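**Q** Please find one structure pasted underneath; my questions will follow.
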Amino acid sequence: MLRDVTIGQYFPGGTPIHRLDPRTKLVWTVIFITALFMARGALSYALMLCVLAGCVFASRVSARALMGSIKPMLIIICITAILNVFFTRGEVIARLWVISVTREGLISAAYMASRLVMLISGTFLLTYTTSPIALTDGIESLLGPLKKIRLPVHELAMMMSIALRFIPTLIEETDKIMSAQKARGADFETGGLIKRAKALLPILIPLFISAFRRADELAVAMESRCYHGGEGRTRMKKLRMTSRDCAALALGAALPALIVVTNMLSGA
Amino acid sequence: MEMPDIIEPVSGGGGVPDAVLTAENLTYSYRAREGELPPRVLDGIDMDVGRGAFVAVLGHNGSGKSTLAKHFNAVLLPVGGRVLVEGMDTSDERLTLDIRRAVGMVFQNPDNQIVASVVEEDVAFAPENLGCPSEDIRRRVDEALRVVGMSEYGGHSPHLLSGGQKQRVAIAGVLAMEPKCIVFDEPTAMLDPRGRGSVIRIIRRLCGELGVTVVLITHHMDEAIGADRLIVMSDGRIVMDGTPREIFSRPDALAAYGLDTPETVSLLRGLREDGFDVPLDALTVDECADAILSALAVRPA
C-alpha cells in the first residue's frame, strides 16, 4: 500500500520537457502557480488547462501517474469543494434545514477543485520530469544569491536530495516493520481514529531508531568520501541554459499576461 | 652517551618502508561511564600493510576489527599510539582530506552509503567533493562503473538494484576517488551468496589487476582464502598474523578465538581423521578437489 506513494518520484525520459534546465522548470512552475491564482472565469481556466495538457503531452507522463499524484490529495480537494458549496452566499437553488446550496457556491467549488487539481498536477509534473538531483541543483543555483546573507543554501539542497534519496528506502523499511508487527498480532485496520493512531506507534519508534542509525552511517560514509560542505565542490553535470530554455522562459513570461487578457475577456 | 639509531624522516613515515598503512601501538576505547575504567576496544595494535597487498582481517564479533578499520581513514582517531597513512598521521586534522582521498572505505550496509538517487551521480559524489573538473569526473565515473561491471546501470535508481549491485555501486563510488588503498568493512555481511560472490570477485580484481591495496574485514573464512596475508584479532589485539596457509593449518588455535576454518579445510581434516593422506593447506575449492583426487589415486584398493 505504501508503494503507491509517488512524492518525489522521477520518470526518466528524453522529451523536450525532460531536457529543459531544472531552473527553467522551477521558474515555470512558480509562474504557472501564480497564473493559476490569477485566473478568473472559464476562459482563463481553459487556457491554464490547455497549457497543462500541452506540458503533460510533451513530457509523455502517463495520465495514470498523474492521477496517482492527485489521489492522496482527494480528501483535501473534496473538503475544499464542499466548503465552497455551502459557504458561498448567492442565489439559493436548494435548501436543507439550515444548509443552503447556492449557484455561486457550486461554480466556485468547481473552480476551486479544478484549480487544486491543476496545482497538484503542475507541481508533480516538475518532479516527474526532473531528476531529484537536477531539481536540488536548480534550487541551489536559484537560491545562490541568498548565500550572501548567510543562508545555508548548499546544506539545504543537500538535505533535500538526501531526503528524496531515502524516501523509497524508508518506505520499504516501514513495510517491513508493519509486516513484522502484523506477524505478532498488531492490528492496523480496525478501530477508531485514536486506536489506529496508537497502533502506529510500534511502527514509528523502530522506524525512527533505524533512521537515526542510517543517518549516522551515511554521515560517516559521506565524510570518508571526502565530503566537507559545499566549498570547493564541483559538479559532474553543470547546469546550462540553452536557447530552448530561453524560449520556454519567454513563453512563461507571456502566460500571466495572457491570463490578464482572458480574465478581462471573460469578466466582461 | 646515547645516540639515536634511526633518524626519523621529516615527513613522519615510520615502520616498514613503502607501507601504505601503519599502526603503531594503536589503542582505542569508547568513553566509559564515570568511575568505570573504559574498556579497551583496541589494545596496542602494531601492523603494516605493504603497497599492493591484500590483507584480510578476521575476528569474531566484538574483536575490534571494525574499529581498527575506521582508524585507517581517520573516521576514528587513536586514543593512544598513532596511525600513519602514506606517512601521514591521522591525528593531524589538516591531513584528513588527503588521508581520506588515499584510503577509501566501503561499509557493510550498501543502503546507508549511497548518497544520490541516480547511480552515476552517486559515483560522482567523491570526485565532486574533491573539486575535480566535470570532464574528469565523467571519466572517473565511467571508469569506476566499468571496473565494477555496472556501466549499463549508470542512469538507474539505486533502490531498485539488488544488494550485491548496490554494494558494487558503493565500491565504484570509492574507486572514483582513485584511492591507493581501499578498506572493506564487512562488505558482504548483508548480501546473499550471489551478491557476496560478485563483490569478492571485484575485490580480488582491484588488488590483482589495478594494484589497489586492499584491507578486507570479514568473518567469512572463505573470503579470506584469496588474501596474501591474514590477521586474526581477538579482544582488541592481533593474535595471529601470517599467510592463509599458515593460519588455516592451525584450526585449534582459530577455534580458540571463536573462528572456523574454511569449508575446504574442514573437509580435508575430516578426511585425514578417516585415514586419507591429504594435505591440510589446499584452501581453494580447486586445490581441495585436486588434493582429494590424488589421495584417492594413491590409496590402495
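**Q** Among (1) under 26 Å from B:I217 (Cβ atoms); (2) assigned to a helix (DSSP H, G or I); (3) not hydroxyl-bearing (S, T, Y), which single condition is B:Q108 missing?
**A** Looking at each condition in turn, B:Q108 falls short on (2).
**Q** In the same structural domain as A:S59 (by TED's automatic domain parsing), open to solvent by 30 Å² or more (accessible area, probe 1.4 Å) and part of a helix (DSSP H, G or I): which single residue out of A:A253, A:A219, A:A197, A:A215 fits that description?
**A** Details: A:A219 fails: in the same structural domain as A:S59 (by TED's automatic domain parsing); A:A197 fails: in the same structural domain as A:S59 (by TED's automatic domain parsing); A:A215 fails: in the same structural domain as A:S59 (by TED's automatic domain parsing).
Every option except A:A253 fails the conditions.
**Q** Out of (1) on the phi > 0 side of the Ramachandran plot; (2) free of Cβ contacts under 8 Å to residues at least 40 places away in the same chain, what's the single condition that is false for B:E209?
**A** (1)
**Q** For the stretch B:133-158: of the residues being part of a loop (DSSP other than H, G, I, E, B) and modelled with pLDDT of 90 or more, which is nearest to the other protein chains (Cβ to nearest Cβ)? So that I can check it myself, show each step before the final result.
**A** Taking the stretch B:133-158 and keeping what is part of a loop (DSSP other than H, G, I, E, B), we get B:133, B:148-150, B:154-157.
Then drop every residue that is not modelled with pLDDT of 90 or more, which leaves B:133, B:148-150.
Details: B:P133: 7, B:V148: 15, B:G149: 21, B:M150: 16 Å.
So, considering only residues that are part of a loop (DSSP other than H, G, I, E, B) and modelled with pLDDT of 90 or more, the one nearest to the other protein chains (Cβ to nearest Cβ) is B:P133.
**Q** With respect to the numbered conditions (1) more than 26 Å from B:V119 (Cα to Cα); (2) of a type in the set (D, E); (3) loosely packed, with under 13 Cβ neighbours inside 10 Å, which one is the sole condition not fulfilled by A:E104?
**A** (3)
**Q** Let me confirm something: among B:D241, B:D260, B:D222, which residue is in a strand (DSSP E or B) and either outside the structural domain of B:D286 (by TED's automatic domain parsing) or open to solvent by 30 Å² or more (accessible area, probe 1.4 Å) (or both)? First the steps, then the outcome.
**A** On the way: B:D260 fails: in a strand (DSSP E or B); B:D222 fails: in a strand (DSSP E or B).
After ruling out the rest, the residue left standing is B:D241.
**Q** Hey, can you tell me all the residues within the stretch B:171-194 that are farther than 13 Å from B:F107 by Cβ and open to solvent by less than 10 Å² (accessible area, probe 1.4 Å)? Lay out the reasoning, then the answer.
**A** So in the stretch B:171-194, the residues farther than 13 Å from B:F107 by Cβ come out as B:172, B:175-181, B:192-194.
Residues satisfying the conditions are B:A172, B:A176, B:M177, B:C181.
**Q** Now for a separate question. Scan the stretch B:71-94 residue by residue and report those that are assigned to a helix (DSSP H, G or I) and either surrounded by fewer than 19 Cβ atoms within 10 Å (Cβ to Cβ) or modelled with pLDDT under 90 (or both). Quick ask: steps written out before the conclusion?
**A** Here is the first cut: in the stretch B:71-94, the ones assigned to a helix (DSSP H, G or I) are B:71, B:93-94.
Once the filter is applied, which keeps residues that are assigned to a helix (DSSP H, G or I) and either surrounded by fewer than 19 Cβ atoms within 10 Å (Cβ to Cβ) or modelled with pLDDT under 90 (or both), the stretch B:71-94 yields B:E93, B:R94.
**Q** Still on this structure: Would it be correct to say that A:D187 is touching a Leu at 6+ places or on another chain (Cβ under 6 Å) and not hydroxyl-bearing (S, T, Y)?
**A** On the way: touching a Leu at 6+ places or on another chain (Cβ under 6 Å): no; not hydroxyl-bearing (S, T, Y): yes.
Criteria not met by A:D187.
**Q** Just one of (1) open to solvent by 60 Å² or more (accessible area, probe 1.4 Å); (2) without any contact (Cβ under 8 Å) to a residue 12 or more places away in the chain; (3) under 27 Å from B:C132 (Cβ atoms) trips up A:M241, so point out which.
**A** Just one mismatch for A:M241, condition (2).
**Q** Does B:I202 fit the bill of being more than 14 Å from every other protein chain (Cβ to nearest Cβ), open to solvent by 10 Å² or more (accessible area, probe 1.4 Å), within 27 Å of B:L254 (Cβ to Cβ) and touching a Lys or Arg at 6+ places or on another chain (Cβ under 9 Å)?
**A** Numbers: more than 14 Å from every other protein chain (Cβ to nearest Cβ): yes; open to solvent by 10 Å² or more (accessible area, probe 1.4 Å): yes; within 27 Å of B:L254 (Cβ to Cβ): yes; touching a Lys or Arg at 6+ places or on another chain (Cβ under 9 Å): yes.
Taking the combined requirement at face value, the residue satisfies it.
**Q** Shifting gears a bit: Can you spot a residue in the stretch B:61-70 that is open to solvent by 40 Å² or more (accessible area, probe 1.4 Å), at pLDDT 90 or above and under 14 Å from the mean Cα position of the chain (by Cα)?
**A** yes
**Q** Okay, next question. Check off (1) within 14 Å of chain B (Cβ to nearest Cβ); (2) charged (D, E, K, R); (3) touching a helix residue (DSSP H, G or I) at 6+ places or on another chain (Cβ under 6 Å) for A:D245 and give me the number that stays unchecked.
**A** (1)
**Q** Still on this model: Being surrounded by 15 or more Cβ atoms within 10 Å (Cβ to Cβ), facing another protein chain (nearest Cβ under 10 Å) and not in a helix (DSSP H, G or I) narrows it down to one residue among A:T169, A:T234; which is it?
**A** Details: A:T169 fails: not in a helix (DSSP H, G or I).
Result of the check over A:T169, A:T234: A:T234.
**Q** Please verify whether B:D241 is in contact (Cβ under 8 Å) with a residue 40 or more places away in the chain and on the phi > 0 side of the Ramachandran plot, treating the condition exactly as stated.
**A** Details: in contact (Cβ under 8 Å) with a residue 40 or more places away in the chain: yes; on the phi > 0 side of the Ramachandran plot: no.
Here the answer is no, as B:D241 does not meet what is asked.
**Q** Among residues belonging to the stretch B:245-301 that are of a type outside the set (A, V, I, L, M) and touching a residue at least 60 places away in the same chain (Cβ under 8 Å), point out the one that is nearest to B:I231 (Cα to Cα).
**A** Our first condition is that a residue be of a type outside the set (A, V, I, L, M); within the stretch B:245-301, this holds for B:245-246, B:248-252, B:257-258, B:260-264, B:266, B:269-270, B:272-277, B:279, B:281, B:284, B:286-288, B:290, B:294, B:299-300.
Imposing the further condition that a residue be touching a residue at least 60 places away in the same chain (Cβ under 8 Å) reduces the set to B:257-258.
Working: B:Y257: 12, B:G258: 14 Å.
Only one residue tops the list, namely B:Y257.
**Q** Across the stretch A:132-163, which residue is farthest from the chain's Cα centre (by Cα) among those that are open to solvent by 40 Å² or more (accessible area, probe 1.4 Å) and within 12 Å of chain B (Cβ to nearest Cβ)?
**A** Among those residues, the one meeting the criterion is A:M159.
**Q** Go through the stretch B:74-113 and count every residue that is out of contact with any strand residue (DSSP E or B) (no Cβ under 8 Å at 6 or more places or on another chain), under 25 Å from B:E143 (Cβ atoms) and either more than 7 Å from chain A (Cβ to nearest Cβ) or of a type in the set (K, R) (or both).
**A** 3
The values are calculated or read from the model by the stated rules, or taken from the named source; none is laboratory data. Predicted model, so just to flag it, every value in this text is computed and none were measured. Please note: Cβ atoms are built from the backbone with ideal geometry, for glycine as well, and neighbour counts cover all protein chains shown. The area values use the complete protein model at the heavy-atom level, side chains included, leaving out ligands, DNA and RNA. Shrake-Rupley method; radii C 1.70, N 1.55, O 1.52, S 1.80 Å.
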